[in-house]
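Student: Quick one: the structure is below, questions incoming.
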Amino acid sequence: MVGAVDHASDPLFEVGNAAMGSGKLPASDDDWLNVQYHAYQMVALGTAMQVPGTGPKDVEWTSAPTWKTWSEQISGIGMEMLQLVEKKDTAGFVGAGDRLVAACEGCHKEFKPEIPTMNILHRPTAATAPKP
């Protein structure tokens with residue numbers, strides 16, 4: 001999940017950061033298509049997170065009502081970002097990005113607080129890849 005969520009969220013955060021003056025805003029239709037692609041991934045990932053995987057606590061976690069709430073928030077924020085893409089509303093990505101961070105951090109605080117996750121699977125190496 002970490003590799004998928006981090007990968008999907010970074011281009012979305014980049015829009016919000018650029019809207020605040022740090023980075024490059026999407027300028028072309030191709031740029032916006034890339035942002036849209038990653039927003040769709042976020043919608044799908046929120047849904048996929050509700051299905052137990054192979055992890056030792058997956059069944060327990062996915063059966064918790066709050067897990068479903070966090071997952072639905074992720075999908076909902078992805079849907080909101082899709083609407084922002086349609087309007088090319090870069091400023092809206094600031095608030096949506098903040099809500100995405102809050103949902104991710106809230107879920108991690110409740111279910112897996114000991115795991116720092118940012119960037120560990122963007123370009124995996126033997127040193128950063130999860131151990132089986």
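Throughout, read-outs are computed from the coordinates displayed, never taken from laboratory work. Only a predicted model underlies this, so the values are computations on that prediction, with no experimental measurement involved. Note: ideal-geometry Cβ built from the backbone for every residue, glycine included; neighbour counts use all protein chains shown.
Student: Which FRET efficiency value, to the nearest 0.05, do you get for Glu110 and Met20 by plugging their Cβ-Cβ distance into 1/(1 + (r/R0)^6) with R0 = 30 Å? Kindly include the intermediate steps, with their values, before the conclusion.
Tutor: Numbers: r = 29 Å, r/R0 = 0.95.
Efficiency computed from Cβ-Cβ geometry: 0.55.
Student: Turning to a different aspect of this structure: Between exposed trypsin sites (Lys or Arg not before Pro) in the chain, where DSSP calls loop and at most 16 other Cβ atoms lie within 10 Å, what's the longest gap?
Tutor: Result, exposed sites excluded: 89-132.
Student: Still on this model: Could you grab the relative contact order for the chain? Cα pairs under 8 Å, six or more apart, rounded to a whole percent.
Tutor: 33 percent
Student: Please go through the residue pairs Lys24/Lys109; Lys24/Lys68; Lys24/Lys88; Lys87/Lys112; Lys68/Lys88 and name each one whose alpha carbons sit more than 25 Å apart in this structure.
Tutor: Lys24/Lys109; Lys24/Lys68; Lys87/Lys112; Lys68/Lys88
Student: If R₀ is 30 angstrom, what is the calculated FRET efficiency for the pair Val51 and Ser28, using the beta carbon separation as r and rounding to 0.05?
Tutor: Values: r = 36 Å, r/R0 = 1.19.
FRET efficiency, Val51 to Ser28: 0.25.
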